Amino acid sequence: MWGLFMYRQPEFRQHYHLRSNVESTFSAMKRKFGPSVRSKNQTAQINEVLCKALCFNLSMLVHAMFELGIEPTFLEAA
């Protein structure tokens, strides 16, 4: 990794930037929903983490809507 950093910095920075984004997202999710998973079963744990990710994405969507002043339009039921 040191050689990649020293001799191919653009490539290293591109991959590091992706990792940095992922770590920032996980940190924000843990701050919002807590660091622990309460489920006992492995399948339930996976589902719980996926639900946390979905809720986090929805909360970021709502935050962006209010910050950017986007008014959502919904389709009417037939």
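Within segment 4-22, no residue that is not assigned by TED's automatic domain parsing to the domain that holds residue 56 sits with its Cβ atom under 9 Å from a residue that is among the β-branched types (Val, Ile, Thr) at 6+ positions apart or across chains.
Among the residues of segment 7-45, those that are farther than 25 Å from residue 63 by Cβ, at pLDDT 95 or above and surrounded by 10 or more Cβ atoms within 10 Å (Cβ to Cβ) comprise 39, 44, 45.
Okay, residues lined up against (1) among the basic types (Lys, Arg); (2) surrounded by 10 or more Cβ atoms within 10 Å (Cβ to Cβ); (3) not in a loop (DSSP other than H, G, I, E, B):
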{"position": "5", "(1), (2), (3)": "no, yes, yes"}
{"position": "47", "(1), (2), (3)": "no, yes, yes"}
{"position": "55", "(1), (2), (3)": "no, yes, yes"}
{"position": "70", "(1), (2), (3)": "no, yes, no"}
{"position": "77", "(1), (2), (3)": "no, no, no"}
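The values are calculated or read from the model by the stated rules, or taken from the named source; none is laboratory data. Every value quoted in this text rests on a predicted model; they were computed, and no experiment measured them. No Cβ is skipped: glycine too gets one built from the backbone with ideal geometry, and neighbour counts run over all protein chains shown.
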